[in-house]
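Reviewing the structure listed below.
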Amino acid sequence: MIIDCHGHYTTTPPGVGAWRDAQKAAVAQDPSFIGEKGGFGVSDDEIRESITGNQLRLQQERGTDLTIFSPRASWMGHHIGNEHTSRFWTENQNDLIRRVCDLFPENFVPVAQLPQSPGVDPAKSVPEIVRTVEEMGFIGINLNPDPSGGHWNGSRLSAREFYPIYEKMCEYDIPAMIHVSAACNHNFDTTGSHYLGADTTGFQQLMMSDVFKDFPSLKIIIPHGGGAVPYHWGRFRGMALDQGFELEERVLNNIFFDTCVYHQKGIDLLLDVIPTKNILFASEMIGAVRGIDPQTGHYFDDTKRYIDATTKIDAAAKQAIFEGNIRRVFSRLTV
Ligand SMILES: [Zn+2]
């Protein structure tokens, strides 16, 4: 079985964007606007249509079986509005993901967005973790290390205020993918420097902290191949030694890197540097890069090809990356 652990619902029916636009307009007019949850008003047929021609078709064409699926990351928009804005939007988005997974139970398994908001205590996201995991069968969360959308003026991931989230994750044995949303700072490009910078930043904040000492069973996924981390492993190891600890001992029981790296040499480097047990197959389709690489004739984000083609690891290691490691990290996955 081949499990893609990083997919977003980027092809939602128009009702979703319309609901969000109305909410954004209301909160732009009145920053203290509360509103209500309401609903997107999209039909099952619209959902089916938005999936079958897109993610499902690509799964079949590429030979993958199951996608661990979450709301569109760039639309989480935690910086928009107030805590009510984020809460109602998030609940609706997670409800929608559950519907996709109910319509295609063989193909998609749900992961939750959190209702984070700048300056709002992260503990306020715990009820949505409880709701999605206990009542709705979700198997993981996406945790935004910078709900400000590119200003990085909140707490580090090592801050005590994140501990209620980590406690819940350990209680449920669910992983978090460290994943920012759209940048509202014009110096960053959302799916380029902002995403990759956040992957690197999240990793560094955690490696410099006591989080894994305090939560030995915590599981964190650094997406997009780990940002700059694998490429600069020597720098991080050196920094760790300067601080008196071994990087491998500090992080490799808890941190996992996905394979959303869109060229063969990048994947080969990841496989060379990071132990197989810490690598999880993912493509993030349909996402940041939707085109075909003229050098190969294949989609940049068809990452299964790179794993299939690599000579860096053997067949058993490839199967671990495609399935075994993912089942270990997402222990609530039962499909
Ligand atoms: Zn993503």
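Computed quantities for the displayed model
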read-out: Rule-of-thumb Rg ratio for the range 208-269 [Cα; 2.2 N^0.38 Å; N residues]; value: 1.19
read-out: Computed label-point distance, nm, for sites Leu103 and Thr276 using a 7 Å Cα→Cβ extension; value: 3.8
read-out: FRET efficiency estimate (nearest 0.05) - Cβ-Cβ, Arg327 to Val130, R0 22 angstrom; value: 0.40
read-out: Rounded to 5, the percent of DSSP beta bridges in the chain classed as antiparallel; value: 10
read-out: Other-chain or far-sequence residues with amide H under 5 Å of Tyr299's (modelled H); value: Asp293
read-out: Scaled radius of gyration (Cα, divided by 2.2 N^0.38 Å) that the range 139-257 gives; value: 1.02
read-out: Gain upon complete extension [Arg235, Ile292; 0.36 nm per residue less C-alpha separation]; value: 17.2 nm
read-out: Cα point-scatterer Debye curve for the range 58-128, base-10 log of I(q)/I(0) at q = 0.19 Å⁻¹; value: -0.75
read-out: Ellipsoid equivalent to the range 91-155 - semi-axes via the Cα gyration tensor, in Å; value: 26, 12, 8
read-out: Estimated dipole of the chain in Debye, rounded to 20 [Cβ of Lys and Arg +1, of Asp and Glu -1, Cα centre]; value: 320
read-out: Cα gyration tensor shape for the range 284-335, rounded if a/c is under 1.5, else prolate or oblate; value: oblate
read-out: Rg followed by Dmax, in Å, when the range 141-209 is reduced to its Cα trace; value: 12.3, 39
read-out: Approximate spin-label separation Glu49-Ala316, in nm, with each point projected 7 Å along Cα-to-Cβ; value: 5.0
read-out: Measure of compaction for the range 194-335 (Cα Rg per 2.2 N^0.38 Å); value: 1.06
read-out: Sequence ranges 320-330, 26-36, ranked by mean other-Cβ count within 10 angstrom, highest first; value: 320-330, 26-36
read-out: Ranked by how many other beta carbons lie within 10 Å on average, peptides 87-93, 169-175, 106-112 from highest; value: 106-112, 87-93, 169-175
read-out: Along principal axes, Cα extents of the chain, largest first, whole Å; value: 52, 46, 38
read-out: Ellipticity estimate at 222 nm from DSSP helix runs (n ≥ 4, -39,500 (n - 2.57)) divided over the chain, nearest 500; value: -11000 deg cm²/dmol
read-out: Estimated Rh, the range 99-201: Kirkwood, alpha-carbon pairs, angstrom; value: 14.6
read-out: For His263, net neighbour charge (Lys/Arg +1, Asp/Glu -1) across residues whose Cβ lies under 12 Å away; value: -2
read-out: Counted charge near Val109, where neighbours are those whose Cβ lies closer than 14 Å (Asp, Glu -1; Lys, Arg +1); value: -1
read-out: Charge dipole (debye, nearest 20) of the range 291-332; +1 at Cβ of Lys and Arg, -1 at Cβ of Asp and Glu; value: 300
read-out: For the range 1-157, convex hull of alpha carbons as volume per residue, Å³; value: 116
read-out: Value of Rg to Rh for the range 1-93 (Rh from inverse mean 1/r over Cα pairs, i.e. Kirkwood); value: 1.05
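Readers should treat all values here as calculations from the given coordinates under stated rules, not as data from a laboratory. Keep in mind the model is a prediction, meaning the values are calculated, not measured. Because the Cβ atoms are built from the backbone with ideal geometry, glycine has one as well, and the counts that use them run over all protein chains shown.
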